[in-house]
Amino acid sequence: MLGRVDATQAIAEMTEISPQVREVVVVGADGAVIGSNAATPERAQTLADGAGRLLAAADRDQPELAQLEASTTAGSVFVVRDGERVIAATTTPEPTVGLVFYDLKTCLRSIEAPKPKRRRRAAAGEEEADASA
């Protein structure tokens, strides 16, 4: 993963080289899903909501937790926070924990940050308008 890419491309590249990872969701600073390989948008939102709840619960004991893993007999859930963005993934049972964390961090850091809308300066007597309009 060289350079910055969009979330969908970053997730596709990561899951290609990380066979233990099943579903992935990337959540932006505003809490919106910005990328996922989940089967449906509803499933992506369910993963995002679950990751948010796990981080909120962990933050009560460890404020600003950077990463966590929750294991079940069916597999694990990994959550990584980098700044205000979050990536969460489900895995096969007994994953290689260090490798999954590394792949998730690399994936998240390779994703382009959404570009803020630029505003052009208003001419005399005009209101400001989006430059993209």
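The values are calculated or read from the model by the stated rules, or taken from the named source; none is laboratory data. Remember, it's a predicted structure, so these values are computed and weren't measured experimentally. Cβ placement follows ideal geometry from the backbone for every residue including glycine, while neighbour counts extend to all protein chains displayed. Just the protein is used for accessible areas: all its heavy atoms, side chains included, with ligands, DNA and RNA removed. Shrake-Rupley method; radii C 1.70, N 1.55, O 1.52, S 1.80 Å.
Residue pairs whose Cβ atoms lie under 9 Å apart, separated by 6 or more positions or on different chains, with the first residue in segment 79-96 and under 20 Å from Gly31 (Cβ atoms) and the second of a type in the set (Asp, Glu), are Val79/Glu69; Arg81/Glu64; Glu84/Asp30; Ala88/Glu23; Ala89/Glu23; Ala89/Asp103; Thr90/Glu23.
Would you point out which residue out of Asp49, Asp30 is assigned to a loop (DSSP other than H, G, I, E, B), acidic (Asp, Glu), within 14 Å of the chain's Cα centre (by Cα) and surrounded by fewer than 20 Cβ atoms within 10 Å (Cβ to Cβ)? Of the residues listed, the single one that is assigned to a loop (DSSP other than H, G, I, E, B), acidic (Asp, Glu), within 14 Å of the chain's Cα centre (by Cα) and surrounded by fewer than 20 Cβ atoms within 10 Å (Cβ to Cβ) is Asp30. Residue-level check: of (1) more than 17 Å from Lys105 (Cβ to Cβ); (2) in contact (Cβ under 8 Å) with a residue 60 or more places away in the chain; (3) not aliphatic (A, V, I, L, M), Asn37 misses just (2). Within segment 1-27, restricting attention to residues that are of a type outside the set (Asp, Glu) and open to solvent by 60 Å² or more (accessible area, probe 1.4 Å), the residue that is farthest from Gly83 (Cα to Cα) is Pro19. Of the strands (runs of 3 or more DSSP E) lying entirely inside segment 63-133, the ones with 1 or more residues being surrounded by 14 or more Cβ atoms within 10 Å (Cβ to Cβ), at pLDDT 95 or above and of a type in the set (Val, Ile, Thr) are found at 75-82, 85-91. Candidates are the residues of segment 33-46 that are open to solvent by 40 Å² or more (accessible area, probe 1.4 Å) and part of a loop (DSSP other than H, G, I, E, B); the one that is farthest from Thr15 (Cα to Cα) is Thr40.
Answer yes or no: is there a residue in segment 9-17 that is out of contact with any Pro (no Cβ under 7 Å at 6 or more places or on another chain), modelled with pLDDT of 95 or more, under 20 Å from Leu99 (Cβ atoms) and in a loop (DSSP other than H, G, I, E, B). Taking every residue of segment 9-17 in turn, none turns out to be out of contact with any Pro (no Cβ under 7 Å at 6 or more places or on another chain), modelled with pLDDT of 95 or more, under 20 Å from Leu99 (Cβ atoms) and in a loop (DSSP other than H, G, I, E, B).
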